[in-house]
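Input: a single structure, listed below in structure tokens.
The values are calculated or read from the model by the stated rules, or taken from the named source; none is laboratory data. Values in this document were obtained by computation on a predicted structure and should not be read as measured data. Cβ placement follows ideal geometry from the backbone for every residue including glycine, while neighbour counts extend to all protein chains displayed.
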């Protein structure tokens with residue numbers, strides 16, 4: 001019976017459980033009283049029978065001792081049976097209530113989105129982008145959203161640099177994000193993605209490269225500006241940037257042999273200084289941040 005306590009999930013089920021425990025204890029006491037009457041000696045049995053019949057408020061005038069004995073046993077058995085049935089029914093009702101409660105809880109919608117206090121980031125290379133600032137300004141029926149990323153060198157060596165080869169910043173309406181899609185890995189364009197509010201591609205960095213030099217120099221700021229609807233309440237920012245330099249004097253370059261995606265970062269590969277392809281991966285810094293729109 002005690003395993004039923006695992007189903008106590010609300011005030012109602014707690015009350016039902018307590019009642020069933022009381023009923024079960026009463027049934028056990030009644031059965032104990034019956035056992036004592038059955039095994040009692042003849043001179044002790046009369047007193048036990050009289051006490052039982054007085055407890056059940058039974059009129060015993062005109063009954064023989066044998067009739068009183070049988071009546072007492074019958075009353076005890078009937079009362080124990082009723083409490084046994086009551087306890088079983090109450091436990092069953094408590095179990096059904098707990099199941100319904102658990103089902104209702106499972107159907108409750110997602111909790112309210114809370115503003116992010118920190119960004120989730122990944123860095124493999126000579127620099128990292130570990131956070132971003134977002135400014136919201138209302139302009140007519142739009143919200144000007146300015147995303148400022150800070151690229152920070154990981155290396156403390158002033159002779160080492162990270163030259164950003166390509167990258168992108170994508171802005172989403174968090175309330176419409178489809179978590180079954182794998183973010184930047186999806187082949188859909190921004191226009192084909194329901195949650196996408198805009199994408200900024202950094203695909204012209206050959207002419208004006210972003211260079212992150214090692215040491216204690218100030219971070220390099222990367223900015224992307226979007227105009228979003230007034231109805232947007234929470235945004236998700238995703239960023240991804242790849243470094244030109246690779247390990248052991250190798251280079252990360254665009255893989256011209258593969259058809260680039262319709263929108264987004266092209267396919268990349270790592271080659272030696274002589275142009276031979278390797279199995280290495282290009283170094284990158286990426287991350288995301290979810291933040292509530294504040295005007």
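Observations on the model:
- Here residue 261 fulfils each of the conditions (1) modelled with pLDDT under 90; (2) touching a strand residue (DSSP E or B) at 6+ places or on another chain (Cβ under 7 Å) apart from (2).
- Of the residues making up the range 264-294, those that are in contact with a helix residue (DSSP H, G or I) (Cβ under 7 Å, 6 or more places away or on another chain) and closer than 19 Å to residue 169 by Cβ are 264, 290.
Residues checked against (1) outside any strand (DSSP E or B); (2) in contact with a strand residue (DSSP E or B) (Cβ under 9 Å, 6 or more places away or on another chain); (3) within 20 Å of residue 278 (Cα to Cα):
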site: 215; (1), (2), (3): yes, yes, no
site: 223; (1), (2), (3): no, yes, no
site: 228; (1), (2), (3): no, yes, no
site: 231; (1), (2), (3): yes, yes, no
site: 237; (1), (2), (3): no, yes, no
site: 242; (1), (2), (3): no, yes, yes
site: 248; (1), (2), (3): yes, no, yes
site: 253; (1), (2), (3): no, yes, yes
site: 257; (1), (2), (3): yes, yes, yes
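- Test: residue in the range 157-166 that is assigned to a strand (DSSP E or B) and within 32 Å of the chain's Cα centre (by Cα): no
- For the condition modelled with pLDDT under 75, touching a strand residue (DSSP E or B) at 6+ places or on another chain (Cβ under 7 Å) and outside the structural domain of residue 217 (by TED's automatic domain parsing), residue 113 qualifies.
- Residue that is surrounded by 13 or more Cβ atoms within 10 Å (Cβ to Cβ) and either more than 30 Å from residue 253 (Cβ to Cβ) or out of contact with any helix residue (DSSP H, G or I) (no Cβ under 6 Å at 6 or more places or on another chain) (or both), where the choices are 203, 216, 159: 203
- Pair list, Cβ under 7 Å, 6 or more apart: the range 260-279 residue free of Cβ contacts under 8 Å to residues at least 12 places away in the same chain, other residue part of a loop (DSSP other than H, G, I, E, B) and surrounded by 11 or more Cβ atoms within 10 Å (Cβ to Cβ): 260/266; 260/267
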